[in-house]
Amino acid sequence: MKLDHATIVTGDLEGERRFLCSVVGLSEGSRPPFGFGGHWLYADGQPVIHLIEAGTALSARPASPRIDHVGFRVNTVQEWSALLEGVRLSGVPYELSEAPLSGERQLFVAMAPGVVIEVVTAQQPSTP
């Protein structure tokens, strides 16, 4: 079994799409014509994030339980450094952390209310 996708319901559909594509590095791809606003964002040819516009019939379902965060992994110092630079330039608030025991670096960005994007790497680039 593997993670197929995570769905984020947001009031800032375009802002979320822009950030996840231009900073995180996902790409927008094909999406079925559901009849409500949204985007499917792809990583390595797979639709991993489904964005849905808040206020649509689908998002009228009960809000709980909700996704706490969605995690991505980068594998090289170059990817990690480029991601950090993109986040800094975007002006979006973020937090850096280190996972206990493993020493993996973590980057957390708050997106839609109640949803956090985490990017993790085993690489040990220098911290700015």
Going through segment 7-39 one residue at a time, which ones are over 21 Å from Gly86 (Cβ atoms) and free of Cβ contacts under 8 Å to residues at least 60 places away in the same chain?
-> Ser30, Arg31, Pro32, Pro33, Phe34, Gly35, Phe36, Gly37, Gly38
Could you tell me whether Ile117 is modelled with pLDDT under 90, part of a strand (DSSP E or B), more than 13 Å from the chain's Cα centre (by Cα) and of a type in the set (A, V, I, L, M, F, W, C)?
-> no
Which ones in segment 72-99 are part of a helix (DSSP H, G or I) and surrounded by 12 or more Cβ atoms within 10 Å (Cβ to Cβ)?
-> Val77, Glu79, Trp80, Ser81, Ala82, Leu83, Leu84, Glu85, Gly86, Val87, Arg88, Ser90
Taking segment 10-25, which residues are in contact with a Pro (Cβ under 9 Å, 6 or more places away or on another chain) and buried (at least 18 other Cβ atoms within 10 Å of the Cβ)?
-> Thr10
Identify, from the list Val70, Val48, Val92, Val109, the residue that is of a type in the set (A, V, I, L, M), under 16 Å from Thr121 (Cα atoms) and modelled with pLDDT of 85 or more.
-> Val109
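The values are calculated or read from the model by the stated rules, or taken from the named source; none is laboratory data. In this text the structure is predicted, and so the values were computed from the model without any measurement. Quick reminder, even Gly has a Cβ in these numbers, built from the backbone with ideal geometry, and neighbours come from all protein chains shown.
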